[in-house]
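Following: one structure in structure tokens, then a few remarks.
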Amino acid sequence: MILAERGHELSELETWAAKARAGHGGAVLVCGESGGGKTAFVETFIEQAGNDVRVLWGACDPLSTPRPLGPLRDLEDRFDAGTRVLLRGGEQPYEIFAAVFDDLRTQPTILVVDDLHWADQGTIDLFRFLLRRAPHTHLLLVGIARDDEVGVTHPLRGLLGDVARSAHAQSLTLPPLSPDAVATLVGDRTVDPTWLHRVTGGNAFFVCEMLDHRTGELPTTVRDAILARTAGLDAESWDLLNLLTCAPGAIADHLLTDLGVTLPALRSLDDAKLIRRDDRGVAFRHDLCRLAITSVIPPGAEPGLHRRFIHAHRAASHADPAVITHHALGAGDRDLVTTAAAEAGRAATRSGAHTQATEFFRIALKEGDLPSEVEAELLELLATEYYLTDCLDEAIAACRRAKHLREAMRADVAVSADHHSLAVYEWYNANRAVADDHVATAIAVLEDRAESDEPQLLTQLGHAFAFQAFLAVQSSRLDAATRLLRRAREIAGRAHDPLLNVRIDVVGGVCEVLTGHEVARDELLEMLGAGPRLINETYSSGYTALSYFDVEQRRLRAATELLDVCLPLMVEHDLPICHVVQLGSRSRLKLLVGDWDGALVDADAVLDRPSAPLAHTWPLLIRALVSLRRSGDDLGGIDAAWRLANRFGEPVRILPVAAAIAEKSWLTGVLDARLDECRSLLTTVPVTGLEWSRAELATWLCRVEGTATTDTPDTAAAEPYRLLASGKFEAAAGAFDDLSTPYDAALAMVDSGDAELQYRALDLLDRLGADAVAAKVRQDLRARGVRSVPAPRRATTLANPAGLTTRQIEVLRLLENGLTNAELAEQLFLSVKTVDHHVSAILTKLQVSKRRDAVRRAREIGILR
């Protein structure tokens, strides 16, 4: 009955299963409202799957704080011995995920994860991890979720986005039953199907529950329908129902005896269709049953029920601290809440479920009256999880509380560590001066004991010096960074801490890259690549810094390749802080190469959600510049970016905004009062490591003054700007074109004053959508008396009827030159696979099968001249 009108969806799911059998695995999310028949639908599919495939079915529980990797815990006995060991005691989520994947791909497998809307972050990350690797295996992932309960901030949103973007995944939404389907289900019963559809909304469970009720008069609510089934139940049966209301999901078989559950009670509830039996144990037939029974549970009964669960779990082995926390909260056992929640938080951290770890540590701290040592440690753990989940204000508040406790305890090493952590959090939070004070204090607290042979003290002191060196690198004070790193290495030589050595080498590698050492970048990448399978913050900071400076120093092809690798790594290893900063770098990269729409997508992804101010530096400016170049109005974005950059006080962040201020003055003709301040930067900021941003600012300042050339070109400026300053405009445009930075190339041709070059520049500006800039160039040409100024391209030509993207048009123009996909990839700084996708999309949109036909068709409709 529930499967009425599900034929199409079932066919879709069977198609995915056939692909998986052929070695082309993937994922399907079965979505719908509560009671929509999702689980029954998937159960029917599984029944038809055949005996040649392994089926694993796990489910998430409705705990107040989900247990980490709950579905895997249910299935651990189905995995091999090595995987079971990691599931029970693994320290790193990546190792657990990799082991599970290795196990799943050994044979054709369907992995079902039910109730994903209740999943912990670790389970969602596992699903995303498996999704990226399934396409070349015989693995089919099937997730079941109530999408009506998934808000914009729900952790499942990221997985839904992955599924939407992936060619190897699909969402199947089960719609409510239609009036015709309800009428079919009613059959010859004396029930008005129109009324039944109206009162149930077509919800399959509501409909079936009402139809199954045989008392003669149908109830008006599902609650009454469910409670009617409890008539005649004895005390033992009601005791089991009450226990089930307190259970997080199912009651496992090994708990039934210790809970006093009897066989007659199980039989009675099964006959009443109130419970079901699955691999996880005994559970309500549907969560709506739980809600109905909960509404009539005796007042004051819950604490005793939860205490019975605690005793039963203690009698069993391997009690899950997340489940114990749930019952301890229900029982009002404050001491147990603290110990169990702290243990669950540590387990969640090891599983990579940082969101859940945060919640568990908060629960542990709520009880109060904790010993100072315990409270300080929990606050420090909570602060770290807040930081990793991009909640910086909360991280700072928790760490400050821990620091005060440590100071009262006179625990100097811990005080130094808290100052160090606060320096990190404040820097990400755009409070650079405060960060400098904290890291200086972290050193001062321990420096008079630097000759100690105490490893813990030396390690902490070494980390403090390494972070101070890192901040010096961010300020482009490379000589100071080198001195601080020398001091950190001397301490590390006596501390013998491997992680400290890695941190020093990462900061030192970035420093050497900025100073221009030719092999430094390759050596840094080799070191990062040789790190552990779990990419922790130490290694991720190296990827983040290197990708940032790759973009700023215009190693654009290398930056593209690096970001293609490290952005998925940050998601995989649950490091959102680094992920959003890297997204900002990619938005800057896309702006430079002319993919302005793509740049806005990345910028919006950062700005449209709460994230670290550090990550906002580029996205704020990208939004402003794209708006300025398109419409002539930056919508106040440059001012916001300037305020943020000055909170950091770092030239690498200030100089690009200063260039934007000058660009706006050039474009609008309204001189900004900050231009003198911008000019002074060229005499006050360092040169090494800032060759591109200094030259960019100098060029825009010259344009404001009416020329792009100078009698004394800066010999330290990056080559394209040096050519431009020397009056070699066409060579400069060629150099920018070699970098694939079309906007800079167009402006170099505009600067030439040569009408033919300026015509070429207008074509580029039109294609980029830089309407305001192109309008200024046309106005300037007419003011000089040029008669045949090319008109703006028609909007239909720019947008083109084929709907090609800016990048696809760029590929199409190169196809006109007869380049192979490998040559296209080389010229566009893309992977061959990405170019393959672009070429395929072009052929499809132009409705042709050959590359030369695509060029011909593009000329016919005005995309190519």
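General observations
- Residue among 53, 42, 112 that is open to solvent by less than 50 Å² (accessible area, probe 1.4 Å) and touching a Pro at 6+ places or on another chain (Cβ under 7 Å): 53
- Single residue of the range 793-815 satisfying the filter (touching a Leu at 6+ places or on another chain (Cβ under 8 Å) and modelled with pLDDT of 80 or more) that is nearest to residue 837 (Cα to Cα): 811
- The one condition in (1) within 19 Å of residue 593 (Cα to Cα); (2) open to solvent by less than 10 Å² (accessible area, probe 1.4 Å) that residue 777 fails to fulfil: (1)
- Here the range 155-198 is the region considered, the condition is being under 41 Å from the mean Cα position of the chain (by Cα), free of Cβ contacts under 8 Å to residues at least 40 places away in the same chain and open to solvent by less than 40 Å² (accessible area, probe 1.4 Å), and the residue that is nearest to residue 126 (Cα to Cα) is 162.
- Checking each residue of the range 319-327 against the condition of being open to solvent by 60 Å² or more (accessible area, probe 1.4 Å) and modelled with pLDDT under 95 gives no match.
- Scope the range 808-834; condition in a helix (DSSP H, G or I), farther than 19 Å from residue 592 by Cβ and open to solvent by less than 40 Å² (accessible area, probe 1.4 Å); matching residues: 812, 815, 821
- Residue 137 vs. criteria open to solvent by less than 10 Å² (accessible area, probe 1.4 Å) and hydroxyl-bearing (Ser, Thr, Tyr): no
- Filter result for residue 635 (among the aliphatic types (A, V, I, L, M), closer than 23 Å to residue 748 by Cα, open to solvent by 20 Å² or more (accessible area, probe 1.4 Å) and free of Cβ contacts under 8 Å to residues at least 24 places away in the same chain): no
- For the range 735-748, a residue qualifies if it is assigned to a helix (DSSP H, G or I) and either within 18 Å of residue 656 (Cα to Cα) or modelled with pLDDT of 90 or more (or both), and the qualifying residues are 735, 736, 742, 743, 744, 745, 746, 747, 748.
- Of all residues in the range 256-275, those that are open to solvent by 10 Å² or more (accessible area, probe 1.4 Å) and assigned to a helix (DSSP H, G or I) total 8.
- Looking only at the range 276-306, residues that are within 22 Å of residue 204 (Cα to Cα), among the charged types (D, E, K, R) and assigned to a loop (DSSP other than H, G, I, E, B) come to 1 in all.
- Filtering 121, 107 for residues that are out of contact with any Pro (no Cβ under 7 Å at 6 or more places or on another chain), open to solvent by 10 Å² or more (accessible area, probe 1.4 Å) and not β-branched (Val, Ile, Thr) leaves a single hit, 107.
- Boolean, residue 164 is within 22 Å of residue 15 (Cα to Cα) and either at pLDDT below 90 or outside any strand (DSSP E or B) (or both): yes
- If the condition is being out of contact with any Cys (no Cβ under 9 Å at 6 or more places or on another chain) and either outside any helix (DSSP H, G or I) or within 21 Å of residue 338 (Cβ to Cβ) (or both), then the range 383-394 contributes 389, 390, 391, 394.
- Of all residues in the range 19-39, those satisfying the criterion of being open to solvent by 50 Å² or more (accessible area, probe 1.4 Å) and in a helix (DSSP H, G or I) are 19, 21.
- Tally, over the range 307-326, of residues that are outside any helix (DSSP H, G or I) and within 37 Å of the chain's Cα centre (by Cα): 4
- Every residue from the range 476-519 that is part of a loop (DSSP other than H, G, I, E, B) and open to solvent by less than 70 Å² (accessible area, probe 1.4 Å): 476, 497, 515, 516
- Filter result for residue 786 (open to solvent by 10 Å² or more (accessible area, probe 1.4 Å), assigned to a loop (DSSP other than H, G, I, E, B) and either among the β-branched types (Val, Ile, Thr) or over 27 Å from residue 690 (Cα atoms) (or both)): yes
- The range 522-535 - residue that is open to solvent by less than 50 Å² (accessible area, probe 1.4 Å) and touching a His at 6+ places or on another chain (Cβ under 9 Å) and, of those, farthest from residue 618 (Cα to Cα): 534
The values are calculated or read from the model by the stated rules, or taken from the named source; none is laboratory data. Since the model is a prediction, treat every value here as computed from it, not as a measurement. Note that we place each Cβ from the backbone using ideal geometry, even for glycine, and neighbour counts take in every protein chain shown. For accessibility, only protein heavy atoms count, side chains too; no ligands or nucleic acids. Shrake-Rupley method; radii C 1.70, N 1.55, O 1.52, S 1.80 Å.
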